[in-house]
Amino acid sequence: MNGDLKSRLGKIVHYKLFLPLFCLFLVLMVNVITTPDFFHVEIRNGVLYGRPVDIINRASELVILAVGMTLVVAASAGTDISVGAVMAVTAAVTTFFLSGGEISVNEYQFPLFPAILLGIGAGALCGAWNGFLVAKMRIQPMVATLILYTAGRGIAQLITKGQITYIRVDSYQYIGNFLPGVPIPTPVFISIAVVILVQLFVKKTAFGLFVESVGVNKEASKHVGLKSVMIIFATYVFCGVLSGIAGIVASSRIYSADANNIGLNLELDAILAVALGGNSLGGGRFSILGSIIGAYTIQALTTTLYAIGVSADQIPVYKAIVVVIIVSLQSPEFQRYVRKFRKKLEAKKAIGEVTA
Amino acid sequence: MNLLGKKKLNQNSFLLIVTIILFFAMYIFGCIVFRDLNFGRFQVFLNLMINNAALIVIACGMTIVMITGGIDISVGSFVALSCMMLANMMENQGVGAVQAVLIVLVTGVVFGIVQGFLVAYLNIQPFIVTLAGMFFARGMTAIISRDMIAIKNELFTSWAQFRIRFPFGGYVNRRGKVIDPYIYPTVVIALVILVITFIILRYSRFGRRFYAVGGSEQSSLLMGINIRRTRFIAYVISGFYCAIGGILFCLNTCSGFVEQAKGFEMDAIASAVIGGTLLTGGVGNVIGSFFGVLIKGTIETLINFPGVLSSWWVRIAIAALLAFFIILQSVLGSKKEKGARA
């Protein structure tokens with residue numbers, strides 16, 4: 001029994017990184033076939049330029065979100081669907097302080113770093129609200145986060161007074177574009193830093209283990225002496241902070257806060273990244289690395305769809321289909337059906353051999 | 001055991017009573033504050049019904065799904081999709097109004113069947129399935145057409161503009177002419193569906209299965225109820241109601257465009273929750289959801305009536321109200337648990 005379980009676990013781990021890597025490979029192959037110079041990278045105006053760079057750059061926000069989402073899914077067996085709206089809130093708060101309430105400014109009305117910290121603080125606050133509802137009030141995660149999913153953009157609109165706030169200062173654009181003299185886009189550095197910090201935190205402290213333990217069995221973890229409520233709460237705050245960072249990167253890209261469009265539909269992408277990364281949406285064991293590969297795969301898919309000529313508001317159709325396929329493949333019921341079917345086939349074969 | 005059952009009933013009717021009182025309090029508040037703007041007129045109330053006819057139907061479907069312990073967040077997008085389908089079929093494809101309506105109804109059922117299959121038979125979290133459904137339907141709307149299509153089909157617009165007048169409760173306008181209050185057929189359809197759903201849920205064996213499945217899967221399994229089929233049917237009904245809601249919505253707006261009915265899922269869930277449907281399943285009542293819709297409509301009217309505040313406040317107010325009722329449910333729920341333990 002034990003050996004059987006072990007081999008099965010080994011299979012799952014194998015499967016876990018196999019699926020996302022295979023998907024990434026598939027998407028890249030399609031690209032290589034349709035556009036032969038896909039991997040061509042060159043330096044233009046002192047910065048790297050090319051499709052792969054574009055995918056890695058554009059995926060940065062998604063990578064950051066996927067990391068937070070992975071923890072939330074692992075701990076609470078539910079997803080945070082408010083991440084896109086939280087990004088909008090963060091962007092709105094940051095630009096509100098930087099612009100001092102004006103619609104467009106050419107210099108900061110408030111120092112840059114405190115404003116960013118305030119923005120991330122707002123993200124953390126949103127996360128804390130979600131965490132409070134989920135962990136303390138024991139509300140289903142997606143219903144709890146549905147509140148901010150709808151209200152979040154409204155709050156962002158109120159902060160920006162329904163306008164798009166522009167910050168026309170060069171240094172604000174460094175975060176989302178290029179640092180002077182550096183050929184690699186800044187968001188790539190930010191996402192790598194976030195991933196390394198979170199990975200260190202999760203692996204070098206007991207936090208990752210706690211999260212998995214709470215995700216596998218909340219009650220049992222409580223009896224062991226873990227503060228389940230606090231751990232779930234912490235993952236949501238964490239997710240809020242990471243959404244905040246992603247929001248600032250997204251806002252810096254367009255040096256403005258567009259409450260309606262920042263982080264639009266990114267919640268689906270983030271969930272997709274987590275699922276694609278081989279993480280069960282039912283909570284428990286998680287792999288941040290898998291989610292990151294998932295995030296890059298999805299961005300590659302998005303870029304490919306754009307290249308084919310699918311417009312931004314039509315893309316969700318394809319992604320929704322991919323989500324349903326992946327989640328169906330993951331579902332234990334489906335696997336049982338497949339097993340049954342296989343057994344039937346084998347039985348038929350056996351019968352065939354006997355009669356032959 | 002009997003005592004516990006009674007207590008539970010009281011608690012649930014308590015939520016319903018809170019909702020009904022809240023509605024009347026808000027409405028009377030509106031009548032007093034906006035008495036110069038004739039808030040108290042019968043027609044204002046009827047407009048509330050006219051504007052929310054689609055939501056009433058969709059909230060009924062949502063209530064059934066939530067009673068089984070699931071949720072359906074694809075409703076808003078599906079309303080947009082059905083409006084766009086109607087508009088596209090009638091204006092660009094030359095399909096007749098009746099056929100277009102039938103096609104939309106069938107599409108709704110198919111949509112429900114797919115979602116229901118994924119949730120009930122593959123055991124995938126309802127939220128994930130319907131989230132995918134939500135993006136799918138919205139994206140599909142954009143694929144059909146990215147421009148707004150106005151419906152000019154004669155038959156369809158004649159349905160939309162047919163007024164049912166009341167012979168009483170009218171008011172005299174500035175020219176001294178008596179204007180009777182009126183409703184559109186959409187309101188009648190919505191109320192008929194509300195009553196049918198209420199009767200099915202309350203008095204038929206078929207309807208009571210939903211409560212059994214949502215209340216306790218274990219016991220309903222022991223009772224011999226086919227849990228999967230029951231949950232599956234709940235989603236099919238929701239899909240069908242969404243299609244009806246979409247048609248009613250379209251009769252109201254006579255157009256189809258991508259951004260239509262955004263946040264509708266939130267309104268439907270909020271209405272059901274405000275009306276006393278428990279998110280954990282097993283408890284709910286379409287009459288409560290009906291009052292939930294009316295409360296949502298009243299908030300909207302109150303915020304829009306003076307015409308000063310932005311529409312964003314409606315979203316935020318509804319979200320706040322939803323949060324309030326969810327927390328109330330949670331507090332009552334944990335109290336009940338403690339009571340049961342003691």
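The values are calculated or read from the model by the stated rules, or taken from the named source; none is laboratory data. Keep in mind the model is a prediction, meaning the values are calculated, not measured. So basically every Cβ, Gly included, is an ideal-geometry build from the backbone, and we count neighbours across all protein chains shown. Only protein heavy atoms, including side chains, enter the accessible area calculation; ligands, DNA and RNA are left aside. Shrake-Rupley method; radii C 1.70, N 1.55, O 1.52, S 1.80 Å.
Points worth noting:
- The helix-only estimate of mean residue ellipticity at 222 nm for chain B, built from DSSP H runs of length n ≥ 4 each weighted as -39500 (n - 2.57), is -24500 deg cm²/dmol after division by the residue total.
- Of interest is the spacing of the C-alpha centroids, which for region A:261-288 and region A:308-338 amounts to 13 Å.
- Our estimate of slack between A:VAL338 and A:PHE201, defined as 0.36 nm per intervening residue step minus the Cα-Cα distance, is 45.4 nm.
- Stokes-Einstein D for region A:95-211, Kirkwood Rh over Cα pairs, 20 °C, 1.002 mPa s (µm²/s): 125 µm²/s
- Working note: Cα atoms of region B:104-232, range along each principal axis, descending, whole Å: 68, 42, 23.
- Alpha-carbon Debye profile of region A:44-135, log10 I(q)/I(0) at 0.16, 0.19, 0.23, 0.25 Å⁻¹: -0.84, -0.98, -1.08, -1.15
- log10 of Debye I(q)/I(0), alpha-carbon scatterers only, for region A:167-233 at 0.19, 0.20, 0.21, 0.24 Å⁻¹: -0.75, -0.79, -0.83, -0.96
- In plain terms, the bigger the Kirkwood radius, the slower the diffusion; for chain A, with that radius from Cα pairs, at 4 °C and 1.567 mPa s, Stokes-Einstein puts D at 60 µm²/s.
- In the protein assembly as shown, taking the dipole from charged Cβ atoms about the Cα centre, the farthest positive-side position among B:ILE318, B:VAL110, A:ALA156 is held by B:VAL110.
- With the charge dipole of region A:311-356 set up from +1 on Lys and Arg Cβ and -1 on Asp and Glu Cβ about the Cα centre, the Cα lying farthest toward the positive end among the listed residues A:GLN335, A:ALA312, A:VAL322 is that of A:GLN335.
- For region A:311-356, the Kirkwood estimate of the hydrodynamic radius, built from every pair of different alpha carbons, is 13.2 Å.
- Solvent-accessible area assigned to carbon and sulfur over the protein assembly as shown amounts to 66 percent, based on a 1.4 Å probe.
- Cα centroid separation, region B:91-125 to region A:84-134 (Å): 41 Å
- Most fluctuating residue given options A:ARG58, A:ARG138, A:ARG285, as computed from a GNM of chain A linking Cα atoms under 10 Å: A:ARG138
- Buried solvent-accessible surface, both chains (A, B), 1.4 Å probe, Å² to nearest 100: 3700 Å²
- Both radii were evaluated on the Cα set of region B:219-294; the Rg over Rh quotient, with Rh as the Kirkwood radius, amounts to 1.06.
- Too-long pairs where the Cα-Cα distance tops 20 Å, listed order kept, from A:LYS203/A:LYS319; A:LYS136/A:LYS227; B:LYS152/B:LYS177: A:LYS203/A:LYS319; B:LYS152/B:LYS177
- Value of [θ]222 nm, deg cm²/dmol, for chain A, DSSP H segments ≥ 4, -39500 (n - 2.57) each, nearest 500: -23500 deg cm²/dmol
- Paired Rg and Dmax values of region A:262-356, which use every Cα atom, in angstrom: 18.6, 66
- Per principal axis, descending, Cα span of chain B in whole Å: 68, 49, 35
- In this entry, region B:22-156 is assigned a mean projected area of 11.1 nm², taken as a quarter of its C-alpha convex hull surface.
- Radius of gyration and maximum dimension Dmax of region B:202-342, Cα, Å: 18.1, 57
- Relative to the longest principal axis of the Cα atoms of chain A, the long axis of helix A:2-34 makes an angle of roughly 50 degrees.
- Highest-MSF residue in chain A out of A:ASN260, A:ASN130, A:ASN57 [GNM, Cα springs under 10 Å]: A:ASN260
- Relative intensity of the protein assembly as shown on a log10 scale, I(q)/I(0) at q = 0.05, 0.07, 0.11 Å⁻¹, equals -0.26, -0.51, -1.25, per a Debye sum over C-alpha point scatterers of equal strength in the absence of solvent.
- Surface per residue (accessible, 1.4 Å probe) for region A:311-356, Å²: 71 Å²
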